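Undergrad: Structure in structure tokens, see below.
Values in this text are rule-based calculations from the coordinates and carry no lab data. Worth saying up front: this structure is predicted, and the values here are computed from it rather than measured. Note that we place each Cβ from the backbone using ideal geometry, even for glycine, and neighbour counts take in every protein chain shown.
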Amino acid sequence: MPIALLVLVLAQGRQCTPEATALMKAATERAAVFDVAGAVQRLQAAAMSGCADAILPALYLRGWIAAHEAYRVGGSPESLRPVLQSIATLQDTLGKSGPPQIATLVLQAAAAAAQSERDELALMIDYAVQLEDRDLTVKRPALPMITAHEAAGDLWLQVHRYDDARRAYAKAAERIGVTPRITLGLARLAARVDALATACKQYQMLVTSWKATGPEPPELSEARMFLTNPACQGLATPR
């Protein structure tokens, strides 16, 4: 989304059309089943139709995807450029306080994680969680699609700081409730530290609680595959 278009959408200040509102709802549903790219597509379509409410989540999730892609190639400056572009556009179009600030901090933390810069990651993600926690306390919503609390667990898991990841997921579950992302994160965490009984339990929870229809995402296939482990014998694995 060109920045000029975003500025125009914000300047117009139009209400989201029913079609754009439906796209936003569909984006939330896609993100809930780990299809973040699908969520971004729908959010961008909503934003281009004039729905200003779609701009922040679209930029945020686009940067989140880019940061994870950068991690896969070692976090080179070139690979991180799309993340920095999302951050700059967030700040230029939406400001540097409130939800845009929290989204920016999460993306800065994700960029640090892509380079395994753990100290910088801690600085950014801890502040993002603190700000989001403050919002939740006064009944303001958390970041859309992927909360800062959930992101904290994912990023600490990504850089192999397992105790930090465990604490982050526990706090996320307490503050926002147990989500599929938290359950998956706890399952992966347990598997990595060879806590097989816990991993089996968490993967089973993910499978059992799955309500979405349509093709299964790789994350659900991952859960089903893990549950074939002999350590998980005795657990029901519904299809």
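Undergrad: Under a GNM of the chain (C-alpha, springs under 10 Å), which listed residue has the highest mean-square fluctuation: G214, G153, G95?
TA: Of the options given, G214 has the highest mean-square fluctuation.
Undergrad: Further question on the same structure: Taking θ = phi - 60°, what integer Hz values does the Karplus form 6.51 cos²θ - 1.76 cosθ + 1.60 yield along segment 109-122, in sequence order, with x for Gly and Pro?
TA: Calculated HN-Hα couplings, in order: 5, 5, 5, 5, 5, 4, 9, 6, 8, 5, 5, 5, 4, 4 Hz.
Undergrad: Right, another one. With the radius of gyration and the Kirkwood radius both derived from the Cα set of the chain, what is their ratio Rg to Rh?
TA: Ratio value, two decimals: 0.98.
Undergrad: Then there's this: Do you know the relative contact order of the chain, to the nearest whole percent, from alpha carbon pairs under 8 angstrom that are 6+ apart?
TA: Rounded, it is 13 percent for the chain.
Undergrad: Assuming R0 = 30 Å, can you tell me the calculated FRET efficiency for the pair E78 and T208, based on Cβ-Cβ distance, to the nearest 0.05?
TA: 0.10
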